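Right, one structure below, let's go through it.
Nothing in this text is a laboratory measurement; each read-out follows from the coordinates by a stated rule. None of these values were measured; they are calculated from a predicted model. Reconstructed Cβ throughout: ideal geometry from the backbone, glycine too, with neighbour counts over all protein chains shown.
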Amino acid sequence: MANSPATSGPGEPPRIVLDTERENPIVLTRQNLRTPKGSPGIWLVDVPQEQRLNVKLWFKAPGVKCTLTYKCGETCIELEVEADSTTASLGAVLHSAGKAEISGTINGKYTVSVDYVELAPAR
């Protein structure tokens, strides 16, 4: 559950360090989620080095076929999910080094946030 040390500057909320040598897999939960006004939520992260991570997302079944969107910094991946889906695996996703925001949303009739994100080293 995202036990990696957090980094941040003065006045900034803590960021979760995506360091799979300290925590493997890294699991981002709703407890770690920041919810800016008008947003379904984001995870604030610090990526210490460019790396490919296998990404798996958990969410409530959307009830209709719709689009899941995963974003981390400049990386954006969209995937169609079935009405009864509750997980999606995106495979090896490139995460660039630096501070970033991770978000996972499902756009159908409503926009909802992903409940959990699991990140593990790509082999």
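Lys and Arg at +1, Asp and Glu at -1: add these up for the other residues within a Cβ distance under 12 Å of L33 and post the number.
Details: positive: R30, R34; negative: E101, D115.
So the surrounding residues net to 0.
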For this session: Pick out, from G73, L53, T105, the residue whose Cα sits farthest towards the positive end of the charge dipole of the chain, with +1 on the Cβ of Lys and Arg and -1 on the Cβ of Asp and Glu.
Result: T105
For this session: Take the Cβ-Cβ distance between E12 and D115 as r, set R0 to 22 Å, and report the resulting FRET efficiency rounded to the nearest 0.05.
Result: 0.35
Seminar exercise, completed: Within the stretch 66-123, DSSP-loop chymotrypsin sites (Phe, Trp or Tyr not before Pro) with at most 13 other C-beta atoms within 10 Å are Y110
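Could you compute the net charge surrounding E118? Neighbours are other residues with a C-beta less than 14 Å from the C-beta of E118; K and R count +1, D and E count -1.
On the way: positive: R30, K56; negative: E23, D115.
In short, 0.
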Problem set entry | In nm, spacing of pseudo-spin labels at E50 and V64 (7 Å Cα→C-beta vector) | 4.0 nm
Problem set entry | Neighbourhood charge, 13 Å Cβ-Cβ cut-off, centred on P48 and excluding it, Lys, Arg +1 and Asp, Glu -1 | -2
Exercise. What length, rounded to one decimal in nm, is gained on full extension from A92 through to V27, with 0.36 nm per residue of separation minus their alpha-carbon distance?
Worked result: 21.8 nm
Problem set entry | In the stretch 16-117, the GluC sites (Glu not before Pro) that fall in loop regions by DSSP, at most 14 other Cβ within 10 Å | E21, E50, E74, E82
For this session: Rank I77, I16, I102 by mean-square fluctuation in a GNM of the chain with C-alpha springs under 10 angstrom and give only the top-ranked residue.
Result: I77
